[in-house]
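Report on one structure; see the data block that follows.
Since every read-out is calculated from the coordinates, none of them should be taken as a lab result. Source: prediction; values computed, not measured. Every residue, glycine as well, gets a Cβ built from its backbone with ideal geometry; the counts of neighbours run over all protein chains shown.
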Amino acid sequence: MNDCIFCKIAKGEIPSKTIYEDEMFRVILDLGPATKGHALILPKEHFANLYELPDNYAEALMKVARKVGLLMKDKLSCDGLNLVQNNGEIAGQTVFHFHMHMIPRYEGDGQVIGWKPGEPTGEELEQIQSEILA
Ligand code: AMP
Ligand code: ZN
């Protein structure tokens with residue numbers, strides 16, 4: 001992907017504020033942070049989204065998230081942490097190179113990351129379960 005900005009950032013061709021790096025991933029500070037320390041985990045190879053992410057990357061990803069999450073807790077003294085990962089425009093994805101958001105949370109930070117809960121009946125949940133398992 002010649003024109004993918006996250007490929008260039010992940011490979012170090014475009015400078016970024018890197019807070020963690022290994023052979024597979026680079027973790028950078030988001031340029032439009034929701035909170036102090038908002039970071040993005042970028043694989044160094046191009047995968048558009050979660051569906052394309054190979055198992056070895058998927059397995060290594062959570063280890064990186066945990067490592068960086070502990071770093072944030074220790075160094076930024078955040079009170080909580082959201083992991084957010086958008087796939088597809090409807091889900092809010094704007095850059096089509098897989099990335100996982102790490103959003104440190106602070107008491108009173110005023111951010112809202114969530115959804116409006118539905119109220120399905122037991123039958124509706126069963127119907128969805130059978131659709132998925134069919
Ligand atoms: P998403 O909406 O999940 O695709 O997230 C894209 C994120 O990338 C947003 O939070 C942007 O602020 C961030 N972003 C876009 N371009 C850059 C960049 N060059 N460096 C750092 N973060 C970026
Ligand atoms: Zn890319």
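Below, the figures for the structure above:
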quantity	calculated
Given (1) within 16 Å of ligand 1 (Cβ to nearest atom); (2) assigned to a helix (DSSP H, G or I); (3) surrounded by fewer than 17 Cβ atoms within 10 Å (Cβ to Cβ), index of the condition Ile9 fails	(3)
Cβ-Cβ under 7 Å pairs, at least 6 apart or on other chains, the stretch 91-107 side closer than 12 Å to Leu61 by Cβ and in a loop (DSSP other than H, G, I, E, B), far side of a type in the set (S, T, N, Q) and within 16 Å of ligand 2 (Cβ to nearest atom)	Phe98/Asn49
Test: residue in the stretch 29-41 that is of a type in the set (Lys, Arg) and either touching a residue at least 60 places away in the same chain (Cβ under 8 Å) or near ligand 2 (Cβ under 9 Å from one of its atoms) (or both)	yes
Selection from the stretch 60-90 of residues that are in a helix (DSSP H, G or I) and among the aliphatic types (A, V, I, L, M)	Ala60, Leu61, Met62, Val64, Ala65, Val68, Leu70, Leu71, Met72, Leu76, Ile90
Residues within the stretch 6-28 that are in contact (Cβ under 8 Å) with a residue 12 or more places away in the chain and either among the acidic types (Asp, Glu) or out of contact with any helix residue (DSSP H, G or I) (no Cβ under 9 Å at 6 or more places or on another chain) (or both), tallied	9
